[in-house]
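Enquirer: Before I ask anything, here is the structure I am working with.
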Amino acid sequence: MQEEEEIFNVSVAINTGLEPLTFTITMYYPSSDPNHERNYRVARDNVTLGVLHQSADDCWHLLEGNLEQEEIQAIGQAIDAH
């Protein structure tokens, strides 16, 4: 079981020249993680696109899903700005 921590929205310009996309971010601490590190579930239109994790060196990594590295970094930067 995971404990839901915070839910918020971020807008990210994924494709140059197109409107920014709004993603729903759910920050949570997975119960299976003994270090209690945060993960971020990324969803759009109630569909989970991926789960992101920020490492100690502030790099964003995809744990689950199918997002491109550029999308991961853009979404991660928006999460940081939140």
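The values are calculated or read from the model by the stated rules, or taken from the named source; none is laboratory data. These figures come from a predicted structure and were not determined experimentally. Cβ sites come from the backbone with ideal geometry, for glycine too, and all protein chains shown count toward neighbours. Accessible surface areas use protein heavy atoms only, side chains included; no ligands, DNA or RNA. Shrake-Rupley method; radii C 1.70, N 1.55, O 1.52, S 1.80 Å.
Enquirer: Connecting C-alpha atoms closer than 10 Å in a GNM of the chain, tell me which of 25, 14, 72 has the biggest fluctuation.
Expert: 14
Enquirer: Rolling a 1.4 angstrom probe over the protein heavy atoms, how many square angstrom per residue are accessible across the chain?
Expert: On the way: 5500 Å² over 82 residues.
Per-residue accessible area for the chain comes out at 67 Å².
Enquirer: In addition: How much net charge surrounds residue 12 when only other residues with a Cβ under 14 Å from its Cβ are counted (Lys, Arg +1; Asp, Glu -1)? Walk me through the numbers before you get to the answer.
Expert: Working: positive: 44; negative: 19, 68, 70, 71, 80.
It works out to a net charge of -4.
Enquirer: Between residue 77 and residue 47, take the C-beta separation as r, use R0 = 30 Å, and let me know the FRET efficiency to the nearest 0.05. Working shown, then result.
Expert: On the way: r = 22 Å, r/R0 = 0.73.
Working from the Cβ atoms, E equals 0.85.
Enquirer: Springs between alpha-carbon pairs under 10 angstrom, Gaussian network model over the chain: which of 65, 50, 17 fluctuates most?
Expert: Sorting by GNM fluctuation, first place goes to 17.
Enquirer: Which of (i) 22, 14, 11; (ii) 18, 14, 14; (iii) 27, 18, 9 is the computed semi-axes √(5λ) of the Cα gyration tensor in Å for the structure on display?
Expert: Label (i) holds the value from this structure.
Enquirer: Once neighbouring chains are kept in place and the probe is 1.4 Å, which whole percent of the accessible area of the chain is contributed by carbon and sulfur? Provide the component values of the computation, followed by the final result.
Expert: Numbers: 2460 of 5500 Å².
Carbon-and-sulfur percentage of accessible area, whole number: 45.
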